[in-house]
Amino acid sequence: MSVDEAADLPVDGGSRRERAVARVVDPARARAETRVQRFLDAALELMSSTSGKDFTVQEVVERSGQSLRSFYQYFDGKYELLLALFEDSVRNTAAQLEAVIADESDPLQRLHLTVVEYYKLCRPTHKGRGGRKAPAALAEFAQQLLTDHPKEASRAFTPLVEFFEAILADAATAGVIRSDMRSRRIAGFVLQSVMFNAFVTTISGSWRAEGDDVAEEMWDLLLHGLELPSSPTSR
């Protein structure tokens, strides 16, 4: 199963974070939000250190300044905590991309900026415009999740899939890309293409940190698969 299949899966009560908070009664939701965030922040700090994703639940509890009992009130264990962190990372990425295109009104340029910036965010050593870079250990967990638990990975990617789908739909409505394709499916394809190429160019040794030309080449390749077909008279 791939990223673009997120739309075909039911959302069982929202994200891991939302479900963690929902385990308590409404009057305590604000406190629950704070406590869950402290656990997430503690885990993120540990993942950013030399321990990577090999931290223990006890280390998260100690760093958060909360109790083990409180941890298990919100999470079933470390795996569910990692899922919550990954989902948060996906939502933050979607928010960063939305901020990048906020002042751009041209539909094709909005799509261009989204693809290029997402490529940058996927590169192992690049932060993109604003926001903190997710630790490498979280990227490793994401790859493991895509391989071992594809349904959960697809659900986690839903915010990004929906964001790209909306950008593509706007461009198709404006007549600047083809409108005869399913935007949901194409959104998943674009996401996968960008993510895969961001990592593969690093593995092959052709990634160049000093410039954005690789991202632009990626955009050019994607665009010419989406552009309107030439009229018979122009051939």
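The values are calculated or read from the model by the stated rules, or taken from the named source; none is laboratory data. Since the structure is predicted, the reported quantities are computational estimates derived from the model, not experimental observations. Here the Cβ positions follow ideal geometry from the backbone for every residue, glycine too, while neighbour counts run over all protein chains shown.
Remarks
- In the condition set (1) on the phi > 0 side of the Ramachandran plot; (2) at pLDDT below 75, residue 175 is compliant with all but (2).
- Total residues in the stretch 140-151, condition surrounded by fewer than 18 Cβ atoms within 10 Å (Cβ to Cβ) and assigned to a helix (DSSP H, G or I): 7
- Taking the stretch 178-235 as the range and being among the small types (Gly, Ala, Ser), buried (at least 17 other Cβ atoms within 10 Å of the Cβ) and at pLDDT below 75 as the test, only 198 passes.
- Any chance residue 140 is closer than 16 Å to residue 118 by Cβ and either in contact with a Gly (Cβ under 9 Å, 6 or more places away or on another chain) or β-branched (Val, Ile, Thr) (or both): no
- Residue check for residue 54: surrounded by fewer than 15 Cβ atoms within 10 Å (Cβ to Cβ), of a type outside the set (Val, Ile, Thr) and under 16 Å from residue 137 (Cβ atoms): yes
- Whichever residue in the stretch 1-47 is among the β-branched types (Val, Ile, Thr) and part of a helix (DSSP H, G or I) and, among such residues, is modelled with the lowest pLDDT: 3
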